[in-house]
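First comes the structure, then the notes that go with it.
No lab work stands behind these numbers, since they all come straight from the coordinates. Bear in mind that the values here come from a model prediction, so they are computed numbers and not experimental data. Note: ideal-geometry Cβ built from the backbone for every residue, glycine included; neighbour counts use all protein chains shown.
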Amino acid sequence: MIHLWVPLMLVCVLAGAGAYGVMARRNAVLVLIGVELILNAANLLFVTMGSVLYDKLRTGHVLTLFLITIAAAEMGVALAVILALFRDRGHIDLSEPGS
Amino acid sequence: MTTLDILFGAVALITAASAVLAVTTQHLVHAALWLVVTLGTLAGCYLILGAELVALVQLLVYVGAVVVLVLFALMLTRAPMGSSPEHSSSSVQRIAAALIGAGTSALFAAVLLPALGGELRPTRPGDTKGIATQLFGTWVWPFELLSLLLLVALIAALAVSRMPPRLPVSGVPSTASGRESA
């Protein structure tokens with residue numbers, strides 16, 4: 001038995017920290033870390049609901065597995081883009097305009 | 001407070017603290033390492049919620065692969081090893097970001113907590129066999145589409161990283177010179 005507010009509070013904190021990371025960081029890799037935190041907040045919400053709702057399709061857990069896969073694919077492409085950006089500009093500072 | 005509450009709360013405190021540290025630390029490499037702690041303890045949270053398959057996949061994919069990718073990217077972009085305050089944004093931007101982050105948290109809390117927060121629910125057993133049956137039964141087409149997505153992402157990452165660099169030729173449009181050098 002678990003009180004649902006405990007995992008839900010963690011979802012809120014993770015999403016807020018991720019949003020802060022996306023907006024406050026200048027390094028592109030650190031922005032990606034914020035995106036990962038937001039995705040993990042969504043994952044935790046899926047798992048929490050999948051663990052307490054008795055649906056036959058196991059939607060929460062299965063969708064979490066899908067989301068983890070999508071996040072891995074997104075990470076691969078995003079890091080390739082960041083490396084291309086670094087080769088082109090010599091830095092990955094998002095606050096400076098591109099040429 | 002039940003036993004699961006206390007267990008989950010203890011792990012959740014570590015997760016929340018390391019998540020906040022991952023987005024606030026000035027060391028670039030420390031941010032990636034705090035992300036490891038966040039993702040690892042999040043796997044512990046999944047374990048406490050009874051989702052052992054998801055917890056193991058989280059450990060394998062996130063802690064095993066994604067964090068290694070992040071560290072690789074930090075190394076390949078020549079991230080400074082020490083504290084680098086010159087890379088941090090202005091205090092105005094940070095305060096605005098903190099306000100928006102807190103607003104996001106408050107919005108989520110305002111939606112989720114009144115709807116579900118007060119309930120005391122039993123957690124469901126992990127039932128890996130049942131999840132596998134559903135995954136390869138009901139969810140088999142999305143699953144196969146995901147393998148296609150992974151293939152596309154692999155090819156896209158390869159194509160993007162093989163893109164020729166722009167040549168710094170003055171007077172010539174840079175995109176055209178980039179195309180010609182291919």
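Filter the stretch A:18-53 down to residues that are within 18 Å of B:Gly44 (Cβ to Cβ) and polar (S, T, N, Q) and give me whichever is farthest from the chain's Cα centre (by Cα).
Among residues in the stretch A:18-53 that are within 18 Å of B:Gly44 (Cβ to Cβ) and polar (S, T, N, Q), the one farthest from the chain's Cα centre (by Cα) is A:Ser51.
Filter the stretch A:26-53 down to the residues that are in contact (Cβ under 8 Å) with a residue 60 or more places away in the chain, among the β-branched types (Val, Ile, Thr) and within 7 Å of chain B (Cβ to nearest Cβ) and list them by number. Talk me through it step by step, then tell me what you get.
The first filter runs over the stretch A:26-53 and keeps only residues in contact (Cβ under 8 Å) with a residue 60 or more places away in the chain, leaving A:26-29, A:31.
Okay, now just the ones that are also among the β-branched types (Val, Ile, Thr), so A:29, A:31.
Residue satisfying the conditions is A:Val29 alone.
Quick check on this structure: which one of B:Leu99, B:Leu113 is more than 7 Å from chain A (Cβ to nearest Cβ), hydrophobic (A, V, I, L, M, F, W, C) and either surrounded by fewer than 18 Cβ atoms within 10 Å (Cβ to Cβ) or not in a helix (DSSP H, G or I) (or both)?
B:Leu99
Tell me which residues, restricted to the stretch B:51-91, are outside any helix (DSSP H, G or I) and within 19 Å of the chain's Cα centre (by Cα).
B:Ala51 - this is the single residue of the stretch B:51-91 that is outside any helix (DSSP H, G or I) and within 19 Å of the chain's Cα centre (by Cα).
Quick one: count up the residues across the stretch B:10-66 that are within 16 Å of A:Tyr20 (Cβ to Cβ), of a type outside the set (Ser, Thr, Tyr) and either buried (at least 24 other Cβ atoms within 10 Å of the Cβ) or out of contact with any Phe, Trp or Tyr (no Cβ under 7 Å at 6 or more places or on another chain) (or both). Full working, then the answer.
Taking the stretch B:10-66 and keeping what is within 16 Å of A:Tyr20 (Cβ to Cβ), we get B:15-26, B:31, B:34-35, B:38.
Of the ones still in play, those that are also of a type outside the set (Ser, Thr, Tyr) are B:16-17, B:19-23, B:26, B:31, B:34-35.
Filter once more, so that each one left must be either buried (at least 24 other Cβ atoms within 10 Å of the Cβ) or out of contact with any Phe, Trp or Tyr (no Cβ under 7 Å at 6 or more places or on another chain) (or both): B:16-17, B:19-20, B:22-23, B:26, B:31, B:34-35.
Residues in the stretch B:10-66 being within 16 Å of A:Tyr20 (Cβ to Cβ), of a type outside the set (Ser, Thr, Tyr) and either buried (at least 24 other Cβ atoms within 10 Å of the Cβ) or out of contact with any Phe, Trp or Tyr (no Cβ under 7 Å at 6 or more places or on another chain) (or both): 10 in total.
Which count do you get for residues in the stretch B:75-87 that are among the hydroxyl-bearing types (Ser, Thr, Tyr) and either farther than 15 Å from A:His91 by Cβ or within 7 Å of another protein chain (Cβ to nearest Cβ) (or both)? Break it down into steps so the answer makes sense when it comes.
Quick first cut of the stretch B:75-87, residues among the hydroxyl-bearing types (Ser, Thr, Tyr) only: B:77, B:83-84.
Right, trim to either farther than 15 Å from A:His91 by Cβ or within 7 Å of another protein chain (Cβ to nearest Cβ) (or both) and you get B:77, B:83.
Residues that pass the stated criteria total 2.
Given the conditions (1) outside any loop (DSSP other than H, G, I, E, B); (2) at the interface with chain A (Cβ under 9 Å from one of its Cβ atoms); (3) over 24 Å from the mean Cα position of the chain (by Cα), and given that B:Thr123 satisfies all but one, which numbered condition is not satisfied?
(1)
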